[in-house]
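Visitor: There's a structure below that I have some questions on.
The values are calculated or read from the model by the stated rules, or taken from the named source; none is laboratory data. The model shown is predicted, which means the values in this text are computed figures rather than measured ones. Neighbour counts are summed over all protein chains in view; Cβ atoms, including those assigned to glycine, are modelled from backbone coordinates with ideal geometry.
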């Protein structure tokens with residue numbers, strides 16, 4: 001093949017790559033926005049949003065709370081149902097969970113997200129909000145049928161990180 005054809009093919013290949021770069025970047029931004037929305041809606045449930053927790057997890061999803069592991073949608077729903085009725089989150093006038101320091105990294109059809117959560121409660125309508133607890137969340141996500149779902153969610157103390165978390 002002569003130099004003219006090689007140059008033309010190289011230019012064509014470079015042009016195609018550059019044309020795809022904006023589309024890939026746009027898709028990554030769209031995926032990040034969908035993941036942020038998924039996590040925001042998940043935490044909205046705690047404040048009265050009312051959506052089923054199962055719609056946020058992959059069918060074989062896992063939730064890890066300290067030493068307790070809940071695998072599958074029924075087990076995860078059971079974990080939430082087992083919270084005692086006299087727990088501050090249940091008996092307060094209101095519960096809100098604030099998300100901060102959200103970091104999402106998309107890797108095609110998988111992603112990771114980490115954030116700091118702060119649970120606040122108001123014991124009565126007139127009471128000032130108070131911090132109930134704070135911790136860190138580490139999520140592995142997967143895109144299933146075009147929808148992002150949590151495949152593993154791990155809740156830890158404010159200064160902890162899972163041993164298997166990407167560096």
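Visitor: For residue 124, indicate whether it is out of contact with any strand residue (DSSP E or B) (no Cβ under 9 Å at 6 or more places or on another chain) and either more than 24 Å from residue 60 (Cβ to Cβ) or assigned to a strand (DSSP E or B) (or both).
Guide: Numbers: out of contact with any strand residue (DSSP E or B) (no Cβ under 9 Å at 6 or more places or on another chain): yes; either more than 24 Å from residue 60 (Cβ to Cβ) or assigned to a strand (DSSP E or B) (or both): yes.
The answer is yes for residue 124.
Visitor: Just to be sure, is residue 132 touching a strand residue (DSSP E or B) at 6+ places or on another chain (Cβ under 9 Å) and farther than 24 Å from residue 29 by Cβ?
Guide: yes
Visitor: Same structure again: Which one is farthest from residue 104 (Cα to Cα) among residues in segment 28-62 that are over 15 Å from the mean Cα position of the chain (by Cα) and not in a helix (DSSP H, G or I)?
Guide: 50
Visitor: Also, I was wondering about something else. Identify, please: which residue in segment 118-128 is over 16 Å from residue 100 (Cα atoms) and surrounded by 14 or more Cβ atoms within 10 Å (Cβ to Cβ) and is, among those, nearest to the chain's Cα centre (by Cα)?
Guide: Result: 121.
Visitor: Looking only at segment 63-97, filter to residues that are assigned to a strand (DSSP E or B) and under 23 Å from residue 149 (Cβ atoms); which one of those is nearest to the chain's Cα centre (by Cα)? Don't jump to the end; show me each part of the working.
Guide: Residues of segment 63-97 that are assigned to a strand (DSSP E or B), as a first pass: 63-65, 68-71, 94-97.
Subset that is under 23 Å from residue 149 (Cβ atoms): 63-65, 68-71, 97.
Values: 63: 12, 64: 14, 65: 15, 68: 19, 69: 17, 70: 17, 71: 17, 97: 14 Å.
That would be 63.
Visitor: Does segment 142-158 contain at least one residue that is modelled with pLDDT under 95, in contact with a strand residue (DSSP E or B) (Cβ under 9 Å, 6 or more places away or on another chain) and in a loop (DSSP other than H, G, I, E, B)?
Guide: Taking every residue of segment 142-158 in turn, at least one turns out to be modelled with pLDDT under 95, in contact with a strand residue (DSSP E or B) (Cβ under 9 Å, 6 or more places away or on another chain) and in a loop (DSSP other than H, G, I, E, B).
Visitor: Let me ask another. Condition (residue is exposed (fewer than 13 other Cβ atoms within 10 Å of the Cβ), farther than 21 Å from residue 53 by Cα, within 12 Å of the chain's Cα centre (by Cα) and without any contact (Cβ under 8 Å) to a residue 24 or more places away in the chain) applied to segment 102-111: is it met by at least one residue?
Guide: Yes, segment 102-111 contains at least one residue that is exposed (fewer than 13 other Cβ atoms within 10 Å of the Cβ), farther than 21 Å from residue 53 by Cα, within 12 Å of the chain's Cα centre (by Cα) and without any contact (Cβ under 8 Å) to a residue 24 or more places away in the chain.
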